[in-house]
Number of protein chains: 2
Amino acid sequence: MEDKVQLAPVGLGRWARVLARGAQRGDVIELASCFSRDEQRRRAFQEEFSVPRAAATYEELLADTEIEGVIITTPNDTHRPLIEQALEAGKAVYTDKPIAHTLEDANAVADAVARTGGVFAVGHSARRLAGHREMKRWIEDGRSGEISLAEANFSNERGLQLTPQTWRWYADKSPGGSLIQLGVHHADTLQFLLGPVDSVTAHARRLHTRAEVHDAVMAILEFESGALGHLAAGWASPGMYTMNLLGTKANLMYDLDFTHWDESHQADDWSSLTSQLSGESTRQPVALQRTDMFREQLDEFALAIRGRAQVEVGVTASVRALAVVRAALESSARNGAAVSVQEVIASTGSAPVT
Amino acid sequence: MEDKVQLAPVGLGRWARVLARGAQRGDVIELASCFSRDEQRRRAFQEEFSVPRAAATYEELLADTEIEGVIITTPNDTHRPLIEQALEAGKAVYTDKPIAHTLEDANAVADAVARTGGVFAVGHSARRLAGHREMKRWIEDGRSGEISLAEANFSNERGLQLTPQTWRWYADKSPGGSLIQLGVHHADTLQFLLGPVDSVTAHARRLHTRAEVHDAVMAILEFESGALGHLAAGWASPGMYTMNLLGTKANLMYDLDFTHWDESHQADDWSSLTSQLSGESTRQPVALQRTDMFREQLDEFALAIRGRAQVEVGVTASVRALAVVRAALESSARNGAAVSVQEVIASTGSAPVT
């Protein structure tokens with residue numbers, strides 16, 4: 001067991017604990033150290049997860065030669081410097097989604113990954129939910145036929161509860177509000193299922209939140225395949241996580257009660273996928289093969305460090321997900337004119353992501 | 001019983017029979033005559049619905065002094081001349097939705113209604129479904145709070161089945177395809193629920209149909225209230241009729257198996273409305289008061305002829321529903337740029353609809 005992959009969580013808030021529980025459900029990872037600027041948090045985290053040591057500074061953590069990789073769950077606008085530093089220090093990096101809050105930062109991260117050759121993974125976990133994995137199988141084996149319309153919504157009441165004490169209140173830290181926090185999940189999963197988005201048309205509104213950010217966003221995604229996608233992200237209503245795919249041979253409707261999302265080994269139990277075949281007007285439940293998204297993505301990351309797995313969501317997919325968000329905000333600023341995803345990536349001045 | 005309102009169906013296809021059954025479930029209307037150019041159809045219709053007489057020409061029908069109003073179910077592009085002629089002849093007019101296939105025609109109809117003072121009703125029946133009526137009550141009495149996002153989809157496989165023998169094949173007769181045939185229902189119902197749409201952003205595609213028309217359309221509706229709406233209409237998948245409203249106090253989710261729509265006294269039995277209140281992650285069924293949309297709208301039309309009811313959907317609402325469709329097609333032609341509904345109405349050269 002001393003051969004477990006030695007990882008260290010960075011930023012020890014709620015999400016670090018969710019991921020730590022996921023990692024500890026597996027038998028691949030040892031949480032060998034941790035870092036937060038807050039000593040209290042470090043001690044509490046060490047105690048909760050039996051982490052043998054903690055670093056008082058990020059530099060100290062990165063100097064720890066036994067640590068093979070870090071798990072970053074700090075605010076979006078801090079991702080880039082933390083990722084760059086870790087990669088330069090020879091550590092593998094797992095970061096929570098989105099890869100960054102701007103494409104400038106995302107492209108800088110992409111450059112650092114290319115330059116260092118480090119293992120890099122982004123926590124676009126939602127695509128690993130059993131329902132989405134099953135949707136992918138239906139698309140790949142042709143059971144759904146050709147998809148022409150896709151509809152996705154991820155909303156909750158967070159915007160009504162935000163206070164100036166949280167970074168999500170601020171437009172410069174969380175541009176797009178509900179879109180970058182919630183919608184970015186679907187931006188990844190939809191592209192996982194249907195391939196790259198070519199252009200985005202969107203309107204973003206700030207309706208009921210007191211925070212600086214958008215709480216009602218709707219986008220139309222034009223996929224390279226020709227399909228059209230609807231992406232909604234709201235922060236001013238009870239919670240909802242849905243995705244419908246309309247195909248020539250079948251419709252698939254996915255519905256998740258995401259309040260159970262944190263315990264991802266049970267999340268699928270709170271979801272349903274139904275199918276409606278051509279010529280039928282009723283829907284049938286589709287059996288799902290249970291997944292454990294947080295455990296699986298962390299295990300995959302850890303094994304990739306040892307060369308025994310491939311990271312599923314690295315730079316390319318995570319930049320594409322963020323680019324859909326940024327293209328939507330740009331489109332909204334242009335009153336709905338379609339904005340090319342490749343153009344918003346390229347306009348940030350870095351090499352195009354392929 | 002001789003006091004029943006004397007009406008005459010015009011265009012005696014499938015939809016005329018659906019409406020005739022609706023009218024005969026009530027006790028307000030007598031189908032006293034009918035007209036189709038096809039003598040066989042006239043005879044079959046008379047026999048099926050015990051209609052005492054039939055007219056060999058439209059002029060003969062309009063010269064029948066006992067006929068108080070006509071029920072028009074002919075192709076969209078024939079609505080205008082038939083409506084104008086009937087109104088000029090002093091008959092009340094009920095026409096199936098959409099009011100017309102172009103705003104030019106719709107505005108001409110509006111002018112004819114204003115000029116003649118005739119009773120005029122458009123069959124935007126969907127808003128009368130029990131689920132939509134209940135949604136309206138939740139909005140009006142504040143149970144749903146402020147609606148920020150609305151999602152509506154009406155799709156079926158019709159586009160995969162079209163042949164050049166049907167008028168719906170042709171772009172000049174059915175511009176927008178699935179949008180003008182199916183989506184226009186939601187364009188009306190959403191405005192019934194949330195008030196007028198200010199602007200429309202849309203993409204319309206012809207993906208899998210062999211016909212000339214669009215079979216995959218998505219639009220974002222910007223309501224004057226600030227809310228954003230998603231309107232999808234597809235013709236290349238199994239059937240689906242859904243509407244979700246996301247409010248600060250509750251979400252409402254409506255789902256209808258519209259294959260039972262024709263028998264509208266039972267349609268509500270094939271629908272479900274669920275609510276999800278603020279702070280809750282599960283949905284509860286909402287009890288519905290059964291409606292009979294076709295009977296109710298025809299009874300209302302008939303009683304309005306006698307001055308004993310008000311027509312709910314006349315020129316204003318039906319032009320607004322069509323204008324959303326036309327604005328969506330215009331937006332798609334402009335690559336998603338937002339198009340003002342009032343501008344597309346006004347640009348057709350007639351008086352603005354208020």
| task | Give me Rg over Rh for the range A:98-245, both radii from the alpha carbons and Rh done the Kirkwood way, two decimal places. | result | 1.00
| request: Using only atoms on other chains, find how many Cβ atoms lie within 10 Å of each Cβ of peptide A:191-203 and report the average. | output: 2
| query | What are the radius of gyration and Dmax of the range B:67-167, computed over its Cα atoms and given in Å? | reply | 17.6, 49
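Please compute, over every Cα-Cα pair in the range B:264-354, the percentage with a separation greater than 15 angstrom.
Values: 3052 of 4095 pairs.
More than 15 Å apart: 75 percent of the Cα pairs in the range B:264-354.
Compute the Rg/Rh shape ratio of the range A:170-301: radius of gyration over Kirkwood radius, all on alpha-carbon atoms. Working shown, then result.
Working: Rg = 16.4 Å, Rh = 16.6 Å.
Rg/Rh for the range A:170-301 comes to 0.99.
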| note | Among beta bridges assigned by DSSP with both residues in the range B:147-237, the antiparallel ones amount in percent, to the nearest 5, to 70 percent
| For the range B:169-204 and the range A:66-142, distance of Cα centres in Å | 41 Å
| Net charge contributed by nearby residues that have their C-beta within less than 12 Å of B:Ser272 (K/R +1, D/E -1) | -3
| message | Placing unit charges on C-beta atoms (Lys and Arg positive, Asp and Glu negative, everything else neutral), compute the dipole magnitude of the range A:76-186 about its Cα centre in debye, rounded to 20. | response | 340 debye
| field | Value of relative contact order over the range A:239-354, rounded to a whole percent, pairs C-alpha under 8 Å and six or more apart | value | 14 percent
| Orientation-averaged projected area, Cα convex hull of the range A:224-301 (nm²) | 7.5 nm²
| query | Residues of the range A:134-183 losing 40 Å² or more of accessible area relative to the isolated chain, 1.4 Å probe, heavy atoms only? | reply | A:Ser148, A:Leu149, A:Glu151
| Estimated Rh, chain B: Kirkwood, alpha-carbon pairs, angstrom | 20.6 Å
| request: State log₁₀ I(q)/I(0) for the range A:49-115 at q = 0.18, 0.20, 0.27 Å⁻¹ as given by the Debye formula over alpha-carbon point scatterers of equal weight, solvent excluded. | output: -0.66, -0.79, -1.26
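So what is the 222 nm mean residue ellipticity for the protein assembly as shown from helices alone, if each DSSP H run of at least 4 adds -39500 (n - 2.57) and you divide by all residues, rounding to the nearest 500 deg cm²/dmol?
Values: 22 runs with 234 residues, N = 708.
Computed mean residue ellipticity for the protein assembly as shown: -10000 deg cm²/dmol.
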| task | Run a plain Debye calculation on the range B:1-109 (Cα atoms as equal point scatterers, no solvent) and give log10 I(q)/I(0) at q = 0.17, 0.24 Å⁻¹, rounded to two decimals, same order as the q list. | result | -0.74, -1.41
| Which longest run of chain B has no exposed loop site in it, a site being GluC sites (Glu not before Pro) in a DSSP loop with at most 12 other beta carbons within 10 Å, and the site itself not part of the run? | B:67-354
| If one puts a single equal scatterer on every Cα of the protein assembly as shown and applies the Debye formula without solvent, what log₁₀ I(q)/I(0) results at q = 0.07 Å⁻¹? | -0.51
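Semi-axes of the range A:170-222's equivalent ellipsoid from the Cα gyration tensor, sqrt of 5 times each eigenvalue, largest first, rounded to whole Å? Intermediate results must be reported in sequence, preceding the final value.
Values: eigenvalues 104, 26, 14 Å².
Computed over the range A:170-222, the values are 23, 11, 8 Å.
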| About its Cα centre, what dipole magnitude does the range A:140-273 give when the only charges are +1 on Lys and Arg Cβ and -1 on Asp and Glu Cβ, stated in debye to the nearest 20? | 580 debye
| said: Tell me the angle of helix B:79-88 to the major Cα principal axis of chain B, expressed in degrees between 0 and 90 and rounded to the nearest ten. | reply: 50 degrees
| request: Among the listed pairs A:Lys4/A:Lys91; B:Lys91/B:Lys136; B:Lys91/B:Lys173, give every one whose C-alpha distance is greater than 22 Å. | output: B:Lys91/B:Lys136; B:Lys91/B:Lys173
| remark: Percent antiparallel among DSSP beta bridges confined to chain B, nearest 5, equals 60 percent
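If one takes the accessible area of chain A alone plus chain B alone and subtracts that of the pair, with a 1.4 Å probe, what total in Å², rounded to the nearest 100, results? It would help to have the intermediate numbers written out before the result.
Details: alone 14790 and 14780 Å², together 25440 Å².
Summed over both sides, the interface buries about 4100 Å².
About the Cα centre of chain B, what is the dipole size in debye to 20, counting +1 per Lys and Arg Cβ and -1 per Asp and Glu Cβ, all else neutral? Could you put the intermediate results ahead of the total?
On the way: 35 positive and 47 negative charges, 104 e Å.
Dipole of chain B, to the nearest 20 debye: 500 debye.
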| Neighbourhood net charge (13 Å Cβ-Cβ; Lys/Arg +1, Asp/Glu -1) for B:Thr282 | -2
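The values are calculated or read from the model by the stated rules, or taken from the named source; none is laboratory data. If you're wondering where the values come from, they're calculated on a predicted model, not measured in any experiment. With ideal geometry, Cβ positions are generated from the backbone for all residues, glycine too; neighbour counts draw on all protein chains shown. Protein only, heavy atoms only, side chains kept; ligands, DNA and RNA dropped before computing areas. Shrake-Rupley method; radii C 1.70, N 1.55, O 1.52, S 1.80 Å.
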